[in-house]
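Asker: One structure follows; several queries about it will come next.
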Amino acid sequence: MNWTDKYSADMQPTKEQIADFIANPLWSKINSFLGDNYGIEPKYCYSACSGQPGWNVKYQKAGKSLCTLYPMEGFFIALVVVGAKEQTEAELMMPTFTGQVQDLMRSSGGIAGARWLMINVKDEQTLNDVKRLIQIRRKIEK
C-alpha cells in the first residue's frame, strides 16, 4: 500500500507509524541530528501537491525551513532548498557530494535564485550530504 493511500488527509500518522513505514535506520539518524543540533521538533503536515502528496515532516528554525522529509517505503526524500545566499558555499562543496546530489545541483534550475533539491536518502553518504546542506542553511550553534 502506498503512503497516500495508507494515511489520508484526515488520518495523521504517528511518528512511530512513519518510522515503521520507512523501515530504515537513516530515518532516526536524520531526526536525531535535527533535534540534537537545532533543538527543534518536527511539524507534521499534509500536502495535496501533485509532486509529492501526503504527510510529510518539516523542520524549521527561527522561521527558516531547514528541510522537509517525505516518507517512502524503505527510504525517505529530503527536500533541502539552497537559497541565493547559500549558493556559493554549496557550489564550493559540490565536488565532495555524492553523484546523486551533484547531479541534482547541476540540474535544478533555480526558482527565485534557489535550488530545490529533492534527495532520495538511501545510504549513509547521501544522509551526510543532506546534513551538510542543512548546515549551510543554518549553522549548528554550539
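Asker: Here are Lys29, Lys43, Lys61, Lys85: which of them is of a type in the set (Lys, Arg) and over 22 Å from Asp129 (Cβ atoms)? Quick ask: steps written out before the conclusion?
Answerer: Numbers: Lys29 fails: over 22 Å from Asp129 (Cβ atoms); Lys61 fails: over 22 Å from Asp129 (Cβ atoms); Lys85 fails: over 22 Å from Asp129 (Cβ atoms).
Only one candidate passes the filter, namely Lys43.
Asker: Give the stretch 95-142 a look and list any residue that's surrounded by 12 or more Cβ atoms within 10 Å (Cβ to Cβ), of a type in the set (A, V, I, L, M, F, W, C) and either in contact (Cβ under 8 Å) with a residue 40 or more places away in the chain or in a helix (DSSP H, G or I) (or both), or say none.
Answerer: Val101, Leu104, Met105, Met118, Ile119, Val121, Leu127, Val130, Leu133, Ile134, Ile136
Asker: Quick check on my filter: what residues within the stretch 92-142 are hydroxyl-bearing (Ser, Thr, Tyr) and closer than 11 Å to Ala78 by Cβ?
Answerer: Within the stretch 92-142, the first condition is being hydroxyl-bearing (Ser, Thr, Tyr), and the residues that meet it are 96, 98, 107-108, 126.
Correct list: Thr126 only.
Asker: Could you list, in sequence order, the residues of the stretch 1-24 that are exposed (fewer than 10 other Cβ atoms within 10 Å of the Cβ) and part of a helix (DSSP H, G or I)?
Answerer: Asp5, Glu16
Asker: To continue, here is another question. Condition first: of a type outside the set (A, V, I, L, M), more than 18 Å from Trp27 (Cβ to Cβ), touching an Asp or Glu at 6+ places or on another chain (Cβ under 8 Å) and modelled with pLDDT of 95 or more. Can you find one or more residues in the stretch 78-97 that meet it? If you could, list the steps in order and put the result at the bottom.
Answerer: Within the stretch 78-97, the subset of a type outside the set (A, V, I, L, M) is 83, 85-89, 91, 95-97.
From what is left, the residues that are more than 18 Å from Trp27 (Cβ to Cβ) are 83, 85-89, 91, 95-97.
Filter again for touching an Asp or Glu at 6+ places or on another chain (Cβ under 8 Å), leaving 97.
Then drop every residue that is not modelled with pLDDT of 95 or more, which leaves 97.
So far as the stretch 78-97 goes, yes, one or more of its residues are of a type outside the set (A, V, I, L, M), more than 18 Å from Trp27 (Cβ to Cβ), touching an Asp or Glu at 6+ places or on another chain (Cβ under 8 Å) and modelled with pLDDT of 95 or more.
The values are calculated or read from the model by the stated rules, or taken from the named source; none is laboratory data. Values in this document were obtained by computation on a predicted structure and should not be read as measured data. Counting neighbours? That spans all protein chains shown, and the Cβs are built from the backbone with ideal geometry, glycine included.
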